[in-house]
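Right, one structure below, let's go through it.
Bear in mind these aren't lab numbers, they're just calculated from the coordinates by the rules spelled out. This is a predicted model, so every value here is computed, not measured. Counting neighbours? That spans all protein chains shown, and the Cβs are built from the backbone with ideal geometry, glycine included.
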Amino acid sequence: MVTRSATGRTSSIGKRADRPEANPLIGPWRGTHGLAPFKRIKAQHYKPAFKAAMAAHRAEIAAIASDPRKPTFANTILALEKSGRLLDRAASVFFNLDAADTTPELQAISREMAPKFAAHETKLLMNAELFRRVDDLYQGRGEPGLDAEARRVLERTHLRFVRAGAKLAKPAQKRAAEINQQLATLVTQFMQNVLADEQSWRLVLDGERDLAGLPQSLRDAAARAAVDTGLPGKHVITLARSSVEGFLTFSSRRDLREQAFKAWAARGENAGPSDNRAIVAEIVALRTEFARLMGYETFADYSLSDTMAKSPAAVEELLGRVWPKAKARALEEAADLEAVARAEGGNFKIAAWDWRHYAEKVRRARFDLDEAELRPYFELNNMIEAAFDCATRLFGLKFKPLDGVELYHPDVRGWEVVDRQGAHVGVFLGDYFTRGSKRSGAWMSSFRDQHKLAAGKVGGQRPIIVNVLNFARGADGEPTLLSFDDARTLFHEFGHGLHGLLSDVTYPSISGTAVSRDFVELPSQLYEHWLSQPEVLKRFALHARTGKPIPDTLLKRLKAARNFNMGFATVEYTASALVDMQLYAIEDAAGLDITAFERAALAKIGMPAEIIMRHRLPHFMHIMSGYAAGYYSYLWSEVMDADAFAAFEEAGDIFDRKTAKRLRDNIYAAGNRRDPIDAYVAFRGRGPDVASLMKKRGFGP
């Protein structure tokens, strides 16, 4: 790429960025363990790198497609697996940083490049000559001598082409390509709008009256947030979940709770340039149109056809079993909360901004368990060490701090991961604190995936995995204290991280977390179980000031309260999953009014008035991106995770070596080497039972 100055002369910046030796994204990376040279990468480097990498990838694809030889696995499928390395490398850096540490410059590049990436991918998957080669191999199921993993890659590659529209007639392919580009633009704008709303809102607490009810740990975090937003000496609540949920739980100021809750619930729905309502409607309409092009009645039918669930009916059956019991429990919980409010003189009906506040009061009274009492035992560094230690005991991994390496933000920490013999497994990065440049939520991603096709590397390419979270940092000199739910989120994302780190497959396309959407949450949700085990908590739940382990009495109270408020938690999640399914079951999305649709969908299921969806449609990032018609996946995977952890309990040891080896070999290391239900059966010896889920959530049989 070249840029032009105000005089119209060609600028040398563009030319320099095109040269491999000058553009760090294109040139060789000689950093520790192949980490990107983050400090040298500037915004001006991305577009020239993408241009060069896309051109290189197009040339690779053209060579494969025009190969005059008879298609073989080696000259077609394997060649595809080896193609696009430069593009993958540059894109991984960009998209990770755009999510975790964005700038206006990166956001502008993202808006410009999103449709170009979509067009590049679509052109590859609709290349008629290339698909003929893939289809020829698929119809003959490859060639004699292919092992099971190679056959799986062939089948998945063929399916990827078909699901992208490779079999469509030319006019339909043209329209599908247009839809993909439009969707890429719209989803990018949707994400940026949510972030803009989160960045633009803050609640400034001025004086003791505004701070009423807040424990010291939350006051410290709010003081730090004030410093970060340029208001030293004040206290600030932001729309980061760890900030706003803590405030909603403890603040005695009902009026301020209402302000914070309404701002949180209205993300993406505020009139103006960040309003997502029309964008959501357009995304749904385009996905519905794409599904019809592909021969499906709805996008839900299309999306679910390549999952464990297979069909909307299977998802609805699972959600239908859970919803009535969850709703009944939530209504009982609401009555308990209202009784406490009345006893305190509150002459009002419980509203959504009251729920967490009064639930904490009920929990404290019923179980003698105070969230403020718990937090000092869940210090961030100790929870990181707990997650690492469980991985050591289960899988023999060790985590060695990476000192003096350049990472993409000063907050980010890095570790080299090695096995029992000291051999390099990969690199793990942890980005734990909320900041204005970071998308909300928590996620795992990779800067590099594992595979065995890297030339000249013993054992192949090793992964570089990152966990990104949004914890409210403690005040200067003070520890960062987590809620138990925060700590569980840390374990959850680290479970995803292990899925990437332990991957042991040959081919990039089936590496790590490249599995069915409703299977990918199994490794993460399963890993959460270890956090709540007494032998883990006694070692790592140490009081931040005294260093003393969490007392047995508090552990007993924590265990007794584990299903407290489960009606609320299940309702806010399941309602989101049900509305997601209804949204993508629309057969004609023309003129869709998202606000009216959401209201009607919730009325249809009888949503309790005191609870809202965990993610309302204008900021429901999951279902605007990779989890469209797929938010049910967490519950589907929970059926398996509840049953899977029981295997360790049945062995009599939560770190049983034989069970852990089966888990590693068949789940964490296996990538997409086999059908997910076969992978689960190979670990457990049988299929999962939904009764385990109902028992785990305390809903009975």
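Key figures
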| item | result |
| --- | --- |
| Hits in region 267-285 (condition: surrounded by fewer than 19 Cβ atoms within 10 Å (Cβ to Cβ) and either more than 13 Å from residue 594 (Cα to Cα) or in contact with a Cys (Cβ under 6 Å, 6 or more places away or on another chain) (or both)) | 270, 271, 272, 273 |
| Flag for residue 258 being of a type in the set (Asp, Glu), out of contact with any strand residue (DSSP E or B) (no Cβ under 9 Å at 6 or more places or on another chain) and closer than 18 Å to residue 181 by Cα | no |
| Enumeration of residues in region 578-620 that are under 19 Å from residue 485 (Cβ atoms) and among the hydrophobic types (A, V, I, L, M, F, W, C) | 611, 612, 613 |
| Candidate set: region 242-255, residues that are touching a residue at least 24 places away in the same chain (Cβ under 8 Å) and surrounded by 21 or more Cβ atoms within 10 Å (Cβ to Cβ); chosen: the one farthest from the chain's Cα centre (by Cα) | 251 |
| Test: residue in region 670-680 that is assigned to a helix (DSSP H, G or I), under 28 Å from residue 146 (Cβ atoms) and among the β-branched types (Val, Ile, Thr) | yes |
| Any hit, region 203-217, residues being surrounded by fewer than 21 Cβ atoms within 10 Å (Cβ to Cβ), more than 27 Å from the chain's Cα centre (by Cα), among the β-branched types (Val, Ile, Thr) and not in a helix (DSSP H, G or I) | yes |
| Matching residues, region 152-205, being acidic (Asp, Glu) and either closer than 30 Å to residue 675 by Cβ or touching a strand residue (DSSP E or B) at 6+ places or on another chain (Cβ under 6 Å) (or both) | 155 |
| Boolean, residue 573 is over 14 Å from the mean Cα position of the chain (by Cα), in contact (Cβ under 8 Å) with a residue 60 or more places away in the chain, farther than 30 Å from residue 77 by Cα and buried (at least 19 other Cβ atoms within 10 Å of the Cβ) | yes |
| Count of region 56-115 residues which are without any contact (Cβ under 8 Å) to a residue 60 or more places away in the chain and not in a helix (DSSP H, G or I) | 5 |
| Condition broken by residue 138, with the remaining ones in (1) surrounded by fewer than 19 Cβ atoms within 10 Å (Cβ to Cβ); (2) free of Cβ contacts under 8 Å to residues at least 24 places away in the same chain satisfied | (1) |
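Yes or no, residue by residue, for (1) out of contact with any Leu (no Cβ under 8 Å at 6 or more places or on another chain); (2) under 30 Å from residue 83 (Cβ atoms); (3) in a helix (DSSP H, G or I):
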site: 479; (1), (2), (3): no, no, no
site: 487; (1), (2), (3): no, no, yes
site: 494; (1), (2), (3): yes, no, yes
site: 500; (1), (2), (3): yes, yes, yes
site: 513; (1), (2), (3): yes, yes, no
site: 519; (1), (2), (3): yes, yes, no
site: 523; (1), (2), (3): no, yes, yes
site: 536; (1), (2), (3): yes, no, yes
site: 554; (1), (2), (3): no, no, yes
